[in-house]
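Taking it in order: structure first as structure tokens, then the write-up.
The values are calculated or read from the model by the stated rules, or taken from the named source; none is laboratory data. This structure is a prediction, so every number in the text was calculated from the model and none was measured. Reconstructed Cβ throughout: ideal geometry from the backbone, glycine too, with neighbour counts over all protein chains shown.
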Amino acid sequence: MTMFRIVLHSLSVLVLLAASSCAQKVNVIPRTADEYFEQALEAFKNENLTTAQKYFDVIKLQFPASKYADDAQYYLAEINVKKNENILAAYNYNQLRRTFPNSEYAKSAAYKAAMSQYRQSPKFDRDQDYTKQAIKAFAEFQALYPKDSLGLEAGKRIIELRSKLAEHDYRTAELYIKLNAPRACLTYYDLVLNNYPDTEFLEPSFVGKARMQVRLKRFQEAEETLRLYRQRFPQGKLQGEAQEITDLIKQGIAASAAPQP
């Protein structure tokens, strides 16, 4: 055998041995919490979520007192997020906070649980239970971590979600206008006025409410609504419409005071 063939044969043997060694390493069945966590984390990083989830579940169930227990709970929630399983993600993040309140992941889990609820929040014209749950979760985060930088982000999310709730009630009021149900319409305008004064739907709700009160011939109530509107929005963009309603009020009062033939 020539020297070249000897070298080539030796290299081939080394490659085969290395491949065999790697295969044995990959196929090693984990037995300890350390081994399960090492392989679970490696699978997670490689986007092998099925294996990662299986091994993290083993740690959670078979090694609940190990140092990896809170890691496993946290990564199970992270896997849920990657799978777009937001309800399960929120559950697992909150489960971590309940079971391991002193975990290094507790703060992150609190915010991410709120974000999972946030991602479930539907469009304004759908049921808004998840929106309300997300607001509650973000508010809880702010209460727990008032000085954390994520508290500012939580505040922005709350404003966004509250605006969605306000729009839900405002659009419902508009729907009742089309259905010629002014009393029901007033109910939803009042929901906006009473519950969401920090949203963009406050001003049009004032004006819309006054217009419905005129339709119902509640002229004095309409005048009071417009007085509150002008007090709140002295430079409001709907001042022109408010003046039109004021003129209708004057006409309505004059017609009511006129002697009947």
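The set of residues from region 78-103 being buried (at least 17 other Cβ atoms within 10 Å of the Cβ) and within 16 Å of K45 (Cβ to Cβ) comprises E78, I79, V81. Given the condition aromatic (F, W, Y), touching a Ser or Thr at 6+ places or on another chain (Cβ under 7 Å) and either modelled with pLDDT of 95 or more or in a helix (DSSP H, G or I) (or both), answer yes or no: does some residue in region 222-240 qualify? No, because not a single residue in region 222-240 is aromatic (F, W, Y), touching a Ser or Thr at 6+ places or on another chain (Cβ under 7 Å) and either modelled with pLDDT of 95 or more or in a helix (DSSP H, G or I) (or both).
Residues in region 115-138 that are at pLDDT below 95 and farther than 26 Å from L175 by Cβ: 0 in all. Among the residues making up region 46-61, a single one is closer than 20 Å to Y91 by Cα, among the polar types (S, T, N, Q) and surrounded by fewer than 17 Cβ atoms within 10 Å (Cβ to Cβ): T50. The residues of region 127-145 that are surrounded by fewer than 14 Cβ atoms within 10 Å (Cβ to Cβ) and more than 19 Å from D198 (Cβ to Cβ), listed by number, are D127, D129.
Restricting region 156-170 to residues that are in contact (Cβ under 8 Å) with a residue 24 or more places away in the chain and of a type outside the set (D, E, K, R), which is surrounded by the fewest Cβ atoms within 10 Å (Cβ to Cβ)? Only one residue tops the list, namely I159. Across region 188-201, the number of residues qualifying as crowded, with 18+ Cβ neighbours inside 10 Å and of a type outside the set (S, T, Y) comes to 4. Contact map, region 36-54: first residue in contact (Cβ under 8 Å) with a residue 24 or more places away in the chain and within 13 Å of N80 (Cα to Cα), second residue part of a loop (DSSP other than H, G, I, E, B) and of a type in the set (S, T, Y), Cβ cut-off under 8 Å, separation 6 or more or different chains; the map is empty.
Each residue in region 231-242 was checked for being touching a Leu at 6+ places or on another chain (Cβ under 9 Å) and loosely packed, with under 15 Cβ neighbours inside 10 Å, and 1 of them qualify.
Checking A77, A69, A65 one by one, the residue that is under 26 Å from Q39 (Cα atoms) and modelled with pLDDT under 95 is A65 and no other. Looking at A173, A184, A210, which one is in a helix (DSSP H, G or I), surrounded by fewer than 18 Cβ atoms within 10 Å (Cβ to Cβ) and small (G, A, S)? Going through A173, A184, A210 in turn, the sole match is A184. Quick check on my filter: what residues within region 107-126 are surrounded by fewer than 19 Cβ atoms within 10 Å (Cβ to Cβ) and part of a helix (DSSP H, G or I)? Hits for region 107-126 are K107, S108, R119, Q120.
Cβ contacts < 7 Å: first residue closer than 12 Å to R215 by Cα, restricted to region 245-261; second residue at pLDDT 90 or above and aromatic (F, W, Y), any location; separation 6+ or different chain. Result? If the second residue must be at pLDDT 90 or above and aromatic (F, W, Y), the pairs left are I249/F219; G252/F219.
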